[in-house]
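Here is the structure we will look at.
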Amino acid sequence: MNNSLKEIADRIKKSDSILLTAHILPDGDSIGSVLGLGLALKSLSKKVLMVMEDPVPHLYHFLAGSSKIILPDSIKEIPELVIFLDCTDYSRAGSKWYDNFITDNVVINIDHHISNQHFASLNYVDDSAAATAQIICRLLKEMNAPCSQEIATALYTGIVMDTGSFKYQNTTPDTLREAAWLLEQGIDLSFIREKLYENKSLESLRVLALALSNLQVSSDKKIAWTSLSKQALEELQVKPEHCDGVVNYPISIMGVEVGLLFREMDNGAVKVGLRCRTGRDVNKIAGFFGGGGHKLAAGCQLDGPLEKVINQVLEATRQTLGGS
Ligand SMILES: [Mn+2]
């Protein structure tokens, strides 16, 4: 059962010290939501603790306040109120560091995932929202909280990242209305675009070049895949994070229905990233190998060697596509 946004707003207004957290392996929406709400509450003179179990990725360091997000080890006092953002359940925020805070405290859960467990004392889950940041926009208006350019930039980043720059199916008229409201707060689109999309490392482009040169397509042109061997990655002297986003290239070829990326890791295991077009389901393929994700984007991990894994996953993919 959902509480109303007004109930959530009233509870927040009553609290002086508030801890905000979001899921592990933070993304644009979790960070944007924590910063957007966190900075707004600070400007209302609340004592705010922003906590995440994993560090903020370099990509999001441009967001004001990102250096104020702390690791659980640095928490020194127990807050009055704990708010979980973009988390389907407690465990999404990490490994139990929050146990001390959730037993006697009021906990608020604000999220947009359909699988949310309504785990808190007060819950606001809207699965029609494209991003948790979109819900935070509504909450700020409900609270009459100020939305500075810095707050708006964080929330806009959350919406942009969860909608693939307004390309994904989750983009609704309401998503665009909240984005429009953020634009009205004076955000600088050129600044955000440069930071998010024109800020790549040379290493990441070198990895992409390697992946594209290894690109292969099945004889029926429905499956495209590429691989990054441990040896080749070592020669380029790159880190795993430099491989982010490469998985989206095989599926971008005209007519291809499933795109795959095989990356050999230091320990010899192979990470497989799977992408497909609407109507197909790579979650099933990943699940077959003990992995998972969503219909259109999933992942799994298999024991090497690389060539064996490529053959196994290609075979499973061919079967899923119907004997092609
Ligand atoms: Mn999200």
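The values are calculated or read from the model by the stated rules, or taken from the named source; none is laboratory data. It should be emphasised that the depicted structure is a prediction, and the values quoted were computed from it without experimental measurement. Here the Cβ is made from the backbone with ideal geometry for all residues, glycine too, and neighbour counts use every protein chain on show. Side chains are part of the model used for accessible areas, which takes the heavy atoms of the whole protein and leaves out ligands, DNA and RNA. Shrake-Rupley method; radii C 1.70, N 1.55, O 1.52, S 1.80 Å.
Assorted remarks:
- Condition check for Asp10: modelled with pLDDT of 95 or more, over 23 Å from Asp73 (Cβ atoms) and within 16 Å of the ligand (Cβ to nearest atom): no
- Test result for Leu63, in contact (Cβ under 8 Å) with a residue 24 or more places away in the chain and aliphatic (A, V, I, L, M): yes
- Test: residue in segment 270-285 that is open to solvent by less than 10 Å² (accessible area, probe 1.4 Å) and assigned to a helix (DSSP H, G or I): yes
- Residues in segment 122-153 that are more than 16 Å from the ligand (Cβ to nearest atom) and either at pLDDT below 95 or within 30 Å of Glu194 (Cβ to Cβ) (or both): Leu140, Lys141, Ala145, Pro146, Cys147, Ser148, Gln149, Glu150, Ile151, Ala152, Thr153.
- Looking across segment 76-131, the residues that are of a type in the set (Asp, Glu) and open to solvent by 40 Å² or more (accessible area, probe 1.4 Å) come down to Glu77, Glu80, Asp89, Asp99, Asp104, Asp127.
- Verdict on Lys271 being in the same structural domain as Gly245 (by TED's automatic domain parsing), under 20 Å from the mean Cα position of the chain (by Cα) and charged (D, E, K, R): yes
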